[in-house]
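J.: This is the structure I want to talk about, given as structure tokens.
The values are calculated or read from the model by the stated rules, or taken from the named source; none is laboratory data. All values reported here derive from a predicted model rather than from experimental measurement. Cβ coordinates were reconstructed from backbone atoms using ideal geometry, including for glycine residues, and neighbour counts include every protein chain displayed. Only protein heavy atoms, including side chains, enter the accessible area calculation; ligands, DNA and RNA are left aside. Shrake-Rupley method; radii C 1.70, N 1.55, O 1.52, S 1.80 Å.
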Amino acid sequence: HTTNPALLVQKMGESAGAGWVPMDGSAWTLRQDDAGEPGRELPGSQLSAVSGKTGAFRAASIPAGTYWLEETQAPAGFNLLAEPVQFSVAVDGTVAILSGAGNGVASAALDPGTGSYQITVRDVPALELPDSGGRGTVSFLIAGGLLLAVAALSLFLPRRRQNT
């Protein structure tokens, strides 16, 4: 007799003190594996927020197989995951990350409190790029345009020749 295990997902973010803290504000989708690529959404296995636990999500029953975890909404000030995370669920409920875990972004481990496997996803704040260009570009465009106009006029206006 086998039962489909529950899957937990924990979203962690880097805080100002460079520590990892649970984060609210994300949303997730589980997708079936389609020849090594994310396929259609897994029917009947929605990831829902765990009441009273920040940044925790739970899918009630996941059959053994290969799946993709995709972030569909990121917390404010953070980017979506760069790529979905491919993982497998074994018949005994063991979860293993297969791809999309570059630089320790996603990891899987048994949660001793619940007895279910948990995928932990770590995210760093989005970088804000500085504005490019700067002040004064309009004045430089006007000055350059006037110089071009003077040069064009000097070429096309007839010149008087002095007879010597």
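J.: Do you know which residues across the stretch 47-62 are assigned to a loop (DSSP other than H, G, I, E, B) and over 17 Å from Val85 (Cβ atoms)?
T.: Matches in the stretch 47-62: Val50, Ser51, Gly52, Lys53, Thr54, Ala60, Ser61.
J.: Can you tell me which of Phe57, Phe78, Phe87 is within 24 Å of Pro112 (Cα to Cα) and touching a residue at least 40 places away in the same chain (Cβ under 8 Å)?
T.: From the options Phe57, Phe78, Phe87, the qualifying one is Phe57.
J.: Check whether at least one residue in the stretch 90-105 is assigned to a strand (DSSP E or B) and open to solvent by 50 Å² or more (accessible area, probe 1.4 Å), and report yes or no.
T.: yes
J.: For the structure I just gave you, tell me whether Gln32 is of a type in the set (S, T, N, Q), closer than 16 Å to Ser107 by Cα and touching a strand residue (DSSP E or B) at 6+ places or on another chain (Cβ under 7 Å).
T.: Working: of a type in the set (S, T, N, Q): yes; closer than 16 Å to Ser107 by Cα: no; touching a strand residue (DSSP E or B) at 6+ places or on another chain (Cβ under 7 Å): yes.
So Gln32 does not fit the description; no.
J.: Can Gln86 be described as open to solvent by 40 Å² or more (accessible area, probe 1.4 Å), assigned to a strand (DSSP E or B), polar (S, T, N, Q) and modelled with pLDDT of 90 or more? Full working, then the answer.
T.: Working: open to solvent by 40 Å² or more (accessible area, probe 1.4 Å): no; assigned to a strand (DSSP E or B): yes; polar (S, T, N, Q): yes; modelled with pLDDT of 90 or more: yes.
So Gln86 fails the test.
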